[in-house]
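The values are calculated or read from the model by the stated rules, or taken from the named source; none is laboratory data. All figures in this text were calculated on a predicted structure; none of them were measured in a lab. Every residue, glycine among them, receives a Cβ derived from its backbone with ideal geometry; neighbour counts consider all protein chains shown. Only protein heavy atoms, including side chains, enter the accessible area calculation; ligands, DNA and RNA are left aside. Shrake-Rupley method; radii C 1.70, N 1.55, O 1.52, S 1.80 Å.
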Amino acid sequence: MRWSKAFIPTLREAPADAEAISHRLLVRGGFVRQLAAGSYTMLPLGQRVRLKVSEIIRQEMNAIGGQEMMLPTLHPAEIWRKSDRYELMGDNLFKLHDRKGADLVLGMTEEEIFAILATELFSYRDLPQIWYQMHTKFRDEPRPKSGLLRVREFTMKDSYTLDIDAPGLDSGFDKHHLAYKRIFERMGLDAVDVTASSGAMGGTESVEFMVRSNAGEDWIATCSNCDYRANVEKATTALPEIDDGEPEELERFSTPGLRTIRALAEAHSDIASPEKQIKTLVFVLEDEPVLVLLRGDHDLQEQKLLDAAGVGDGRPGRPEEIRELLGADPGSLGAVGVEGVKVIVDHSLKDRSNMTTGANQDDWHYKGVSVERDISIDMWADLRAVRDGEPCVNCGEPIELWKGIEVGHIFKLGTSYSEAFGAFVQDEAGDNHPIIMGSYGIGVERGVAAVVEANHDESGIVWPVSVAPYEVVITVLRADDEATMSAAMDLYSDLEAGGLEVLIDDRVERPGVKFADSELIGIPYRVTVGPRGVSDGVFEVTVRRGLGKTEVPAGEVSALLIEKIESARSHI
RNA sequence: CGGGCUGUAGCGCAGCUUGGUUAGCGCGCGACGUUUGGGACGUCGAGGUCGUCGGUUCGAAUCCGACCAGCCCGACCA
């Protein structure tokens with residue numbers, strides 16, 4: 001491709017509202033343009049990268065036996081009501097009406113439609129199946145942000161495994177796990193697989209693939225020593241045991257004006273240090289108020305609460321709700337003697353005694369609380385948010401918390417969708433079983449952005465060869481000089497004949513502009529062809545990663561680059 | 001949805017407090033000339049419903065109101 005004919009609108013300055021590095025570089029490099037919040041055009045360079053990422057995904061999905069399809073994105077709302085996700089997905093689901101007034105939705109993932117297709121499977125002999133598509137998904141994000149990282153319209157590769165039994169599901173899941181590792185590795189991403197919450201997708205088990213980045217929105221806990229790693233929505237740590245001494249009598253005591261853990265701890269340091277207190281939170285889980293109990297010095301991890309309670313939606317109770325429920329204001333709450341309200345308690349309170357907690361009367365607390373003796377507990381659960389540096393549950397070494405971008409997520413779904421849509425198959429004995437599904441997603445454009453987050457320097461993007469929009473750029477320093485241009489075109493022909501993807505910068509521009517642009521758009525290899533080099537018979541080859549330069553005899557350049565790029569391709 | 005901020009040329013910004021006639025600057029863009037191994041220089045030029053609607057006023061980019069859009073921080077996801 002001749003740069004002079006290409007649409008590569010590079011910008012010297014990034015738009016003021018672009019913050020994430022990938023956002024700034026993709027806009028400046030002329031890869032994408034924003035149309036509206038969370039809605040992006042892929043310009044020619046961006047589209048080339050996107051297609052390369054898609055192709056890597058496609059190859060790896062096909063390699064595990066995936067069959068590609070394409071499903072509609074416009075769905076009758078009925079289908080989503082049938083799976084109960086019409087309500088569950090809430091405002092994230094784009095909802096619209098057709099001219100007849102019928103309710104429609106734009107798909108945000110497609111478990112429902114694949115389950116409907118699966119009703120055409122009748123026998124265990126038809127299983128397993130791996131089905132996938134790469135298609136546009138719509139999510140009415142409350143807050144699109146960070147360029148391509150969080151948008152309202154994007155391409156997702158979504159695949160689904162269909163099996164007769166749990167071992168089959170495990171096998172399909174494991175295949176995807178490995179395929180995903182290969183996909184991200186080929187894209188040049190160091191993606192860490194972590195155990196995660198399944199959230200609104202439902203199901204039993206899920207693994208996320210996280211790329212370390214400050215632009216990420218998830219916190220991941222990894223052990224500094226062993227291979228323990230988990231999303232903070234799932235992560236646990238080992239806590240030292242606390243010796244509470246002999247259990248004493250439950251006793252109310254006056255605590256005028258003390259409304260916070262800290263204030264109580266300071267006023268009664270002998271009995272109420274934070275780890276000796278019970279923190280009582282009121283949460284409303286799908287309209288049902290519950291009490292959530294944690295150690296005073298611990299914080300709630302909300303997703304853990306939702307998962308433990310098996311609900312999709314929850315919020316902190318409002319002050320008036322809390323007063324009505326318990327008769328006191330936040331700061332004086334407790335679960336001692338509370339009946340008729342579900343009480344969910346964090347594991348860290350197990351076997352604890354001589355604790356302090358609110359008495360459900362303003363300005364009064366209890367001391368001498370033995371958790372199991374004095375509180376009517378409905379459920380024990382892991383509810384607390386882990387903190388950086390706490391001991392790993394496996395080996396005791398400190399864990400590290402870091403931010404990551406979720407580039408892929410795989411779920412063991414189970415049978416809820418097949419049951420909802422009647423996808424049953426018969427086993428050998430002739431008995432009917434709901435098909436067991438797994439669901440597996442990769443956000444294509446987010447993957448592109450993640451590659452940039454992980455591969456850039458001060459000058460711009462540093463694409464891995466596998467996803468680079470072009471593999472080589474020929475920078476012609478004097479495109480208006482006939483001899484120089486002619487030598488450059490000869491090289492261009494040789495490289496193209498060698499099967500490389502080449503961009504030739506034939507613009508009549510100053511050298512500095514061309515160097516800067518080629519670095520900004522991140523082409524892995526650059527050959528500089530100028531009058532000096534042409535007369536000396538030597539071209540300069542620059543490797544984008546590190547910007548190391550070598551002088552290469554003109555006649556050897558094409559062979560050298562073909563060898564380097566073919567080798568890079570075969571390594572992935 | 002709660003909190004904060006911003007809308008003036010393709011990009012980055014000034015002008016608004018204290019209303020006044022042709023709305024400015026840098027980059028970018030077009031023409032010509034000189035230049036050409038790291039974002040050149042000169043001359044000339046094109047490009048703006050000042051987010052939208054309404055109000056106040058003799059007069060609004062500027063004051064007031066509503067709305068819209070975008071960004072950032074929090075609760076959600078590939």
* **HN-Hα J in Hz across region A:253-258 - Karplus 6.51, -1.76, 1.60, θ = phi - 60°, x for Gly and Pro** => 9, 7, 9, x, x, 8
* For chain A, accessible area per residue (1.4 Å probe, heavy atoms of protein chains only), Å² -> 44
* To do: List every residue whose amide H lies under 5 Å from the amide H of residue A:279, counting only residues 5 or more places away in sequence or on a different chain, with H placed 1.01 Å from N in the peptide plane.
  => A:294, A:295, A:296
* **Total lysine pairs whose alpha carbons fall under 17 Å of each other in region A:251-381 (8 or more apart, or interchain)** => 8
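Under the rule that an exposed site lies in a DSSP loop and has at most 13 other Cβ atoms within 10 Å, name the longest stretch of chain A with no chymotrypsin sites (Phe, Trp or Tyr not before Pro) of that kind, not counting the sites themselves.
A:123-572
Sort the following peptides by mean Cβ neighbour count (other Cβ atoms within 10 Å, averaged over residues), highest first: A:451-457, A:188-194.
Result, highest mean Cβ count within 10 Å first: A:451-457, A:188-194.
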* Using only Cα atoms, find the angle between the long axis of helix A:557-570 and the longest principal axis of chain A, and express it within 0 to 90 degrees, rounded to the nearest 10. => 30
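So, counting K/R as plus one and D/E as minus one, what does the shell of residues with Cβ under 12 Å around residue A:115 add up to?
Details: positive: A:82, A:85; negative: A:110, A:111, A:112, A:120, A:419.
Counting the neighbours of residue A:115, the net charge comes to -3.
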* Structure fact -> If each K or R counts +1 and each D or E counts -1, the residues other than residue A:417 whose Cβ falls under 14 Å of its Cβ total -3
* To do: Name the shape class, rounded, prolate or oblate, that the alpha-carbon gyration tensor gives for region A:251-381, where a ≥ b ≥ c are the square roots of its eigenvalues, rounded holds for a/c under 1.5, and otherwise prolate holds if a/b is larger than b/c and oblate otherwise.
  => prolate
* Asked: Going by the alpha-carbon gyration tensor, a ≥ b ≥ c the square roots of its eigenvalues, is chain A rounded (a/c under 1.5) or, if a/c is not under 1.5, prolate (a/b greater than b/c) versus oblate?
  -> prolate
* Ranked packing of A:294-305, A:259-270, most packed first, by mean Cβ within 10 Å -> A:294-305, A:259-270
* **Nearest-ten-degree value, helix A:166-186 long axis tilted from longest Cα axis of chain A** => 50
* Using only protein heavy atoms and a 1.4 Å probe, report how much of residue A:486 is accessible, in Å² to the nearest 10. => 60
* Asked: Tell me, what % of the accessible area of chain A is carbon and sulfur with a 1.4 angstrom probe?
  -> 48
* Asked: What angle do you read, to the nearest 10 degrees and between 0 and 90, between the alpha-carbon axis of helix A:482-497 and the longest principal axis of chain A?
  -> 60
* Local electrostatic count, residue A:218, Cβ distance below 10 Å [Lys/Arg +1, Asp/Glu -1] -> -3
